[in-house]
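Data first, discussion second: the structure below is written as structure tokens.
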Amino acid sequence: MTSAAAVSTAPRSLRDLTFVELEREFVASGLSPLHVRKLWRAVHRDLKTDFAGEDFVPPLRHWLAGNLGDRRRFFLDAPTETADLASTDGLTRKFLLRLADGQAIETVVMGYAGRQTACVSTQAGCAMGCVFCATGQMGFVRHLLPGEIVAQVRQAQLALRAAGHKSLRNLVLMGMGEPLHNYDAVMTALEIISDRGGLNIGPGRITLSTVGVVPGILRLAAERRPYHLAISLHGATEAERSALVPVSQRWPLAELMAACRTYFAQTQRRIFFEWTLIAGTNDSPAQAERLARLLAGLDAHVNLIPLNPTNGYAGSAPLSGAAKQFKQVLEAAGIPSTIRQRRGIDVAAGCGQLRAEKTLAR
Ligand code: SAH
Ligand code: SF4
């Protein structure tokens, strides 16, 4: 017997479906799979939310009439844009988006040397509790659905088109939330986003940043996921890291580094490491030396991020001399690094400042 509960009838966003899932859906409805490409392009390349002027064949129009809309199986709403803030340097824009259930998330678009990068959220809030991060300070609200992640890239793309910019080039999963805590939805979203007939951001232009969820890192390697991986480290001893990143107690530094080595052995891919520099806490030359020893033998690149201020944490960014010295110690040990440019601080769009409830105009 099939219970009503076993067959989910909850409407889904068309943006939740991968190309293959949409194809399956069409075949099951007796439609030719040839029509999938048409609909896919309208949704993911032309970024449409309704198809009034489309030259769809009658069977496709018929399918849409029966399956899309109020009390139908699928919907295609876009999140409501509740604010669009531009930084004074004009290079960063932050969007506050309200989802169907009222939750607010943030999406940032940054222009580096003409290359536009979108930074998207994967959860509303975050359960990991890093002490210096505004999202961690607000706690976990819920996972995002694949379509809600895809919709953020759509939003960024639409904004760029409207401003006469070239297409989005890069995507980073460094907004609100921990991507590997929402593994399946994130992988589905990335498959949709990287599809060449749609949003077309190739896997080599996508970076996923994790606080160090060890099972997720091993799964990325086992599944040969083709995205760049960044690991947020911040401390090179267990005690120093745990003080900043509480989940280090669950996935200790030694286990995390072992997972990185497994990942590297299986994929031969360079791993990026992120290190939020906090004056007097983790910015000394001795700490840089410990970091260099920890990364020895890996193909590693370190991104140094001077701390951005948040209400819930008293630390501050180091003086630029300390950051440069930290970088030099790494370089002397043969480890390349970059000091990340500070962007969008005036609209609270810098790393870790994404706290929707603070800035949302209700
Ligand atoms: N949850 C993932 C991705 C989102 S956070 C992760 O932690 O990796 C993206 C990056 O911003 C992480 O490296 C994080 O440590 C950093 N970050 C968070 N708060 C920050 C702050 N206040 N200043 C500078 N970097 C911060
Ligand atoms: Fe979550 Fe990343 Fe912020 Fe840590 S730094 S609380 S993992 S979003």
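The values are calculated or read from the model by the stated rules, or taken from the named source; none is laboratory data. This structure is a prediction, so every number in the text was calculated from the model and none was measured. Positions of Cβ are generated from backbone atoms using ideal geometry, with glycine treated the same way; all protein chains shown enter the neighbour counts. In case anyone asks, the SASA skips ligands and DNA or RNA and just uses the protein heavy atoms, side chains included. Shrake-Rupley method; radii C 1.70, N 1.55, O 1.52, S 1.80 Å.
Annotations
- Every pair of residues 6+ apart whose Cβ atoms lie under 6 Å, when the first sits in region 192-207 and is farther than 21 Å from residue 231 by Cβ while the second is among the aromatic types (Phe, Trp, Tyr) and open to solvent by 30 Å² or more (accessible area, probe 1.4 Å): 195/19
- For region 273-298, the set of residues classified as open to solvent by 10 Å² or more (accessible area, probe 1.4 Å) and over 18 Å from residue 255 (Cα atoms) consists of 276, 279, 280, 281, 283, 284, 285, 286, 287, 289, listed by residue number.
- Only one of 298, 294 that is touching a helix residue (DSSP H, G or I) at 6+ places or on another chain (Cβ under 8 Å), in a loop (DSSP other than H, G, I, E, B) and away from ligand 1 (no atom under 14 Å from the Cβ): 298
- Residue match in region 315-337 (condition: within 19 Å of the chain's Cα centre (by Cα), within 16 Å of ligand 2 (Cβ to nearest atom) and either at pLDDT below 95 or over 26 Å from residue 84 (Cβ atoms) (or both)): no
- Looking at region 1-108, the helices (runs of 4 or more DSSP H) lying wholly inside it that each contain 2 or more residues that are β-branched (Val, Ile, Thr) and either modelled with pLDDT of 90 or more or farther than 28 Å from residue 142 by Cα (or both) sit at 19-28, 36-44.
- Which listed residue, of 137, 155, is closer than 18 Å to residue 80 by Cα, of a type outside the set (A, V, I, L, M, F, W, C) and in a helix (DSSP H, G or I): 155
- Tally of residues being of a type in the set (A, V, I, L, M), free of Cβ contacts under 8 Å to residues at least 60 places away in the same chain and either more than 9 Å from ligand 2 (Cβ to nearest atom) or crowded, with 21+ Cβ neighbours inside 10 Å (or both) across region 126-155: 4
- Here residue 177 clears all of (1) within 16 Å of ligand 2 (Cβ to nearest atom); (2) open to solvent by 10 Å² or more (accessible area, probe 1.4 Å); (3) at negative phi except the condition numbered (3).
- Residue-level check: of (1) out of contact with any strand residue (DSSP E or B) (no Cβ under 7 Å at 6 or more places or on another chain); (2) at negative phi, residue 271 misses just (1).
- Against the test of being in contact with a Cys (Cβ under 7 Å, 6 or more places away or on another chain) and within 11 Å of ligand 1 (Cβ to nearest atom), the options 308, 303 yield a single qualifying residue, 308.
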